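Please treat every number below as a calculation from the coordinates, not as lab data. What you see is a predicted model; the values in this text were computed from it and never measured. Ideal geometry is used to build each Cβ from the backbone, glycine not excepted, and the neighbour counts take in all protein chains shown.
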Amino acid sequence: MVNLIWAAMALIGIVFAAINGTMEEVNEAVFKSAKEAVTISIGMISILVFWLGLMKIAEDAGLLAKLARLFTPLVRRLFPEVPKDHPALGYIVSNMVANMFGLGNAATPLGIKAMEELKKLNGERETASRSMVTFLAMNTSGITLIPATVISIRMTYGSASPGEIIGTTFIASSLATIGAIFIDRYYYWKRTRGGK
Amino acid sequence: MMAFVQWISLWLIPAIIGFVLLYGTWKRVPTYESFVEGGKEGIHIAFSIIPYLVGMLVSVSIFRASGALDYLMRGIQPLAEAIGMPPEVVPLAIVRTISGTAALGMTTDLIATYGPDSFIGRLAATIQGSTETTLYVLTVYFGAVGIKKMGDALKVGVLADILSFLISFFIVLFVFGK
């Protein structure tokens, strides 16, 4: 699926460029975006090292387990495959909390750690487990309390009330997350009972 | 309200750092050693993401630079107009799923052109704020831990994005009116 989409985007683009006469732009885009990807990855080192370091302290101190226990009833229902008090749950919860507050650069390292723990639970297989799909479904919609970047853009362009979209953003993202969970459940149901 | 939001975003991170260090010290965790040990992993993760991200961004950028993306968006616009959605925000809805930087640029442009307190401005802000860049999240998270088969994750993510876009539209319409 991913292989197909990945190849198709590039192939359609190349064919389109041939017809449209935009080959020059495509050439430029290839090298620019490759460079951008490396810049992003390397740029993430500082954030990853810092937050993973800090979170290691939190884990060793038992703080993550405490946080996970706080949300146990909810998270257990969402991730029935993950054993109780497993560190994966702590990372999942702290990732969601970081996302809620718009701490994108704290959320990513925590999410990656959560994925790592989920992979261990899945016997280090290279295929996504049920819990991973659920976790990513929730992450791509992500409940947002404070969309800081957007508020600052609105401020820059002289909004009378830059923060007024906090409410709509919160409701929209919460409903979308609930929707994402249902979509995820539907596909899980299809995989297991639909016989695919 | 605004002052409160600014206050939170200023204090939140230092507060988290302070709390973790205080709690760790109280629980007699060797804080500095734990920090270094955890941090080491970050370097490895950042490097392992590189090939995944290069592959994905190059493919997306070919699609975008060739003009194929614009063509796709023009195809979807009549559909949006049919339910009363301003066609100007449709490109944002599509790009939001595949490229975070491009989406942020589009949101800024829409807010600058139509005003932050217009229907389009509010809708663009809500779309931008309420969802993540699905393709990026999938690439980074799966890439970092070396998952090659994503299963239904992409399908679920894209469907959730479409849902999130429609919800944003109706919520903004309901709360602020046109």
Highest GNM mean-square fluctuation among B:Lys148, B:Lys27, B:Lys40, for chain B with Cα springs under 10 Å, belongs to B:Lys27
16 Å Cα-Cα reach of B:Lys149 towards aspartates and glutamates, excluding residues that sit fewer than 8 places from it in its own chain | A:Glu116, A:Glu124, A:Glu126
Mind checking which of A:Asp60, A:Asp85, A:Asp184 has the largest fluctuation in a GNM of chain A, springs on alpha carbons under 10 Å?
-> A:Asp60
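How big is the dipole moment of the protein assembly as shown about its Cα centre under a simple scheme where the beta carbon of each Lys and Arg is +1, that of each Asp and Glu is -1, and everything else is neutral? Debye, nearest 20, please.
Details: 30 positive and 25 negative charges, 242 e Å.
Magnitude of the dipole: close to 1160 debye.
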Normalised by the number of residues in segment A:1-125, what is the relative contact order in percent for Cα pairs under 8 Å and 6+ residues apart?
-> 19 percent
Treating each Cα of segment B:100-156 as an identical point scatterer and ignoring solvent, apply the Debye formula and state log10 I(q)/I(0) at q = 0.15, 0.25, 0.30 Å⁻¹.
-> -0.55, -0.91, -1.13
Straight-line reach check, B:Lys155, cutoff 26 Å on alpha carbons, 8 or more apart in-chain or any other chain, hits among lysines -> A:Lys113, A:Lys119, A:Lys120, A:Lys190, A:Lys196
Low-density loop cleavage sites - trypsin sites (Lys or Arg not before Pro) in segment A:52-107, where at most 12 other Cβ are within 10 Å (DSSP) | A:Lys84
Chain B shape via C-alpha gyration tensor axes, a/c threshold 1.5 | oblate
Which three lengths, in whole Å and largest first, does segment A:45-194 cover when its Cα atoms are put on their principal axes?
-> 53, 42, 28
Histogram of C-alpha separations across the protein assembly as shown, 20 Å bin width, % = 28, 59, 13, 0
Across every pair of different alpha-carbon atoms, what Kirkwood hydrodynamic radius in Å does segment B:36-115 reach?
-> 15.0 Å
Please return the longest stretch of chain A lacking exposed loop sites, where GluC sites (Glu not before Pro) count only if DSSP places them in a loop and at most 14 other Cβ atoms lie within 10 Å.
-> A:1-80
Taking chain A as a Gaussian network, Cα atoms linked when under 10 Å apart, which of A:Gly158, A:Gly62, A:Gly179 shows the biggest mean-square fluctuation?
-> A:Gly158
Relative contact order %, segment A:45-194, counting alpha carbon pairs below 8 Å whose residues are six or more apart | 20 percent
Over chain B, what is the relative contact order in whole percent, taking alpha-carbon pairs under 8 Å and six or more residues apart?
-> 21 percent
